[in-house]
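I have placed the structure first, in the form of structure tokens, so that the comments after it can refer back to it.
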Amino acid sequence: QVRLVEAGGGLVQPGGYLRLSCTAPGLSIRDSTLGWFRQAPGKERELVATISPAATPTYADSVKGRFTISRDDSKQTVYLQMNSLKLEDTAVYYCYLGHPTSWGQGTQVTVSS
């Protein structure tokens with residue numbers, strides 16, 4: 001497992017936006033699938049989005065059209081742009097690296113008025 005450093009969580013009002021980032025310092029990620037998961041209180045961890053080495057994204061139905069996953073292999077970083085945030089998006093967000101399998105430490109996203 002490698003260390004993944006997440007940033008960008010916070011408190012935002014409904015309809016607002018946040019951008020999460022996750023960096024794997026010193027590691028080449030270009031051959032790895034990357035992703036974001038989230039876990040709300042009392043719920044199972046769920047997939048939010050993934051992006052393949054060819055930069056093909058997939059999304060959970062609940063975030064399609066609102067969230068965008070992207071990657072910059074030169075910066076060893078994956079991003080999650082979250083727009084039109086809803087109350088139900090509140091969760092701890094974890095980034096995921098497919099190879100070697102690794103998880104970020106989690107960053108809290110709270111959507112509240």
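Observations on the structure shown:
- The phi-based Karplus calculation (6.51 cos²θ - 1.76 cosθ + 1.60; θ = phi - 60°) puts the 3J(HN,Hα) values of the stretch 90-97 at 4, 4, 8, 9, 10, 8, 9, 10 Hz, whole numbers, x for Gly and Pro.
- When all alpha carbon pairs of the chain are counted in 5 Å bins from zero, the resulting P(r) reads 2, 13, 25, 26, 18, 10, 4, 1, 0 %.
- Two numbers describe the Cα atoms of the stretch 1-47: Rg and Dmax, which are 13.5, 36 Å.
- Taking every alpha-carbon pair under 8 Å whose residues sit at least 6 apart, the chain reaches a relative contact order of 38 percent.
- For Val48, the residues whose modelled amide H falls within less than 5 Å of its own, excluding neighbours fewer than 5 places apart on the same chain, are Trp36, Phe37, Arg38.
- Euclidean distance of C-alpha centroids, the stretch 51-104 and the stretch 17-50, integer Å: 5
- Given +1 at the Cβ of Lys and Arg, -1 at the Cβ of Asp and Glu and no other charges, the dipole of the chain around its Cα centre is 100 debye to the nearest 20.
- Principal axis dimensions, largest first and in whole angstrom, of the stretch 72-113 by Cα: 38, 18, 12
- The chain: most fluctuating residue of Lys75, Lys43, Lys64 per GNM, C-alpha cutoff 10 Å: Lys43
The numbers here are math on the coordinates, done by the rules we state, and not lab data. The structure displayed is predicted, hence computed values, not measured ones. For neighbour counting, all protein chains shown are included, and Cβ atoms are generated from backbone atoms with ideal geometry for every residue, glycine included.
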